[in-house]
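See structure below.
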Amino acid sequence: MVPKLARELGTEKLCRTFSAWSHTVALLFAQLTGALGLNDVCDSLRLHSGPLSAVRGATPPSRNNLSHANKRRPAELGERLFWSVLKHLQELSPGFGTGRQGSRLASRFRAAIHVIDATTIHLIAACLDWAKHRRRKAAAKCHLRLDMRSQLPRFAVIDTARENDAKRAREVCAGIAAGEIALFDRAYVDFGHLYELTERGVFWVTRAKEHFAYRVVRRRLKKRDGHILRDDEVVATGPLSKQKYPAPLRRVEAEVLVDGTWRVMVFLTNNLEWAPSSVAELYRCRWQIEVFFKQIKQTLQLSDFLGNSANAVRWQLWTALLCYVLLRYLAYLSRWSSSFTRLWAVVRSTLWQRLDLRALLAGCGTATGSFRMLGQPEQGWLPGLGLKPVG
């Protein structure tokens with residue numbers, strides 16, 4: 001798959017002694033091991049050049065080769081490779097892309113639920129002038145659309161942190177079909193875009209901005225019902241918002257438990273049929289994308305970068321997403337039920353060993369969901385205690 005994409009993009013012409021396949025393997029190795037720099041990657045791969053060559057003839061790079069490849073070879077190869085691999089894995093195992101995870105409420109909805117958010121990757125301002133968005137700060141930003149049930153990315157945009165999230169909303173939500181549900185926070189609120197989603201038949205839930213001006217046209221809830229304080233149909237009255245969104249909106253005010261404290265939150269949606277509790281619960285499902293960002297930031301290499309150019313940073317972010325999907329596929333095949341962090345740690349510790357990873361993960365500690373060791377009773381005999389093995 002990598003050589004084919006390299007030929008299609010013309011990247012093969014840039015590869016002489018260091019192939020596109022070897023480049024991809026080196027970047028995936030950096031993600032799995034948490035490599036701190038170019039020397040770390042190159043020295044480790046050179047020390048294991050024998051086992052490395054068994055990975056379809058991959059070769060260890062020199063520092064200059066890897067640095068040049070990250071800077072000059074278009075990161076579009078990494079992007080297209082990610083989506084090609086994800087599509088291929090879903091074709092191999094259809095259940096991998098249609099998992100029913102997330103909250104119980106989300107699983108009751110027949111339509112697909114998409115969560116849209118962005119995460120900021122902090123960079124070193126002194127080295128990365130292209131990513132400066134403040135006087136002394138530089139950062140890249142990954143705008144992502146996550147499938148709620150499968151916990152897999154459906155769309156991603158990697159760019160600098162200069163642009164407001166709402167400017168990327170149309171691009172990120174372009175692939176959502178009629179009848180599906182989009183969840184996003186108020187940073188993505190753009191009434192023009194929200195009205196376009198409504199016209200397309202897409203349901204959405206978000207939080208209202210603090211200074212949202214509106215007029216109540218119908219009170220759906222006469223008095224407080226549990227943690228639901230208000231449920232109204234409203235129209236926007238702001239000069240621009242009423243022009244961009246002329247249709248009625250639904251405003252739900254509810255108490256939500258956040259870090260052990262009840263807080264009042266106001267939600268907006270274009271669906272007039274759901275129960276108000278469902279609106280609040282759906283927005284709470286948006287936390288799944290925060291969990292996703294936390295997983296990849298705590299395990300994969302998104303703090304130390306192997307290059308300072310925009311292209312090198314994009315390469316590293318796309319290979320991080322690719323590594324996440326490959327690990328999730330291993331977890332799916334082995335029915336892994338422990339944490340993603342532990343999965344990454346087990347795979348990292350067995351990189352240079354010839355093992356059946358699927359069998360290893362299936363029998364590794366509590367991986368099958370039982371919180372006891374997977375040994376036989378006779379293996380619990382301890383010499384010197386006067387106990388005899390069973391059987």
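The values are calculated or read from the model by the stated rules, or taken from the named source; none is laboratory data. Computed from a predicted structure; not experimentally measured. Ideal geometry is used to build each Cβ from the backbone, glycine not excepted, and the neighbour counts take in all protein chains shown. Note: accessible area is taken over every heavy atom of the protein model, side chains too, but ligands, DNA and RNA are not part of it. Shrake-Rupley method; radii C 1.70, N 1.55, O 1.52, S 1.80 Å.
Miscellaneous remarks
- Packing here is the average count of other Cβ atoms within 10 Å per residue, and on that basis the peptides 28-40, 184-196, highest first, run 184-196, 28-40.
- Over the range 180-336, relative contact order from alpha-carbon pairs under 8 Å, at least 6 apart, %: 17 percent
- Share, in percent, of DSSP beta bridges within the chain that are antiparallel, nearest 5: 85 percent
- Rounded accessible area of D225 (nearest 10 Å², 1.4 Å probe): 100 Å²
- Heavy atoms of H68: accessible area, 1.4 Å probe, square angstrom to 10: 110 Å²
- Members of K4/K87; K141/K294; K87/K297 lying beyond 19 Å, as alpha-carbon distances in this model show: K87/K297
- With Cα atoms defining each centre, the range 264-306 and the range 169-202 are spaced 15 Å apart in the structure.
- Filtered GluC sites (Glu not before Pro), the range 260-354: DSSP coil and at most 12 other beta carbons within 10 Å: E273
- Accessible area (Å², 1.4 Å probe, nearest 10) - M1: 90 Å²
- Three-way shape call for the range 141-257 based on the alpha-carbon gyration tensor, with the a/c threshold at 1.5: prolate
- For the chain, carbon and sulfur atoms together expose 51% of the accessible surface, with a 1.4 angstrom probe and every protein chain in place.
- By average C-beta atoms within 10 angstrom, highest first, the peptides 235-242, 151-158: 151-158, 235-242
- Cα gyration tensor shape of the range 1-74, rounded if a/c is under 1.5, else prolate or oblate by comparing a/b with b/c: prolate
- Residue-normalised accessible area of the range 15-118, given per residue in Å² at a 1.4 Å probe: 51 Å²
- Helix 63-72 vs. the chain, principal-axis angle (Cα, 0 to 90°, nearest 10): 30 degrees
- Pairwise centroid distance, computed over Cα atoms, of the range 1-30 with the range 39-73, Å: 12 Å
- Potential lengthening between L360 and L47 on full extension [0.36 nm per residue; Cα-Cα distance subtracted]: 110.2 nm
- Accessible area per residue, Å², the range 246-343 with all protein chains present, probe 1.4 Å: 42 Å²
- Relative to the longest principal axis of the Cα atoms of the chain, the long axis of helix 38-47 makes an angle of roughly 40 degrees.
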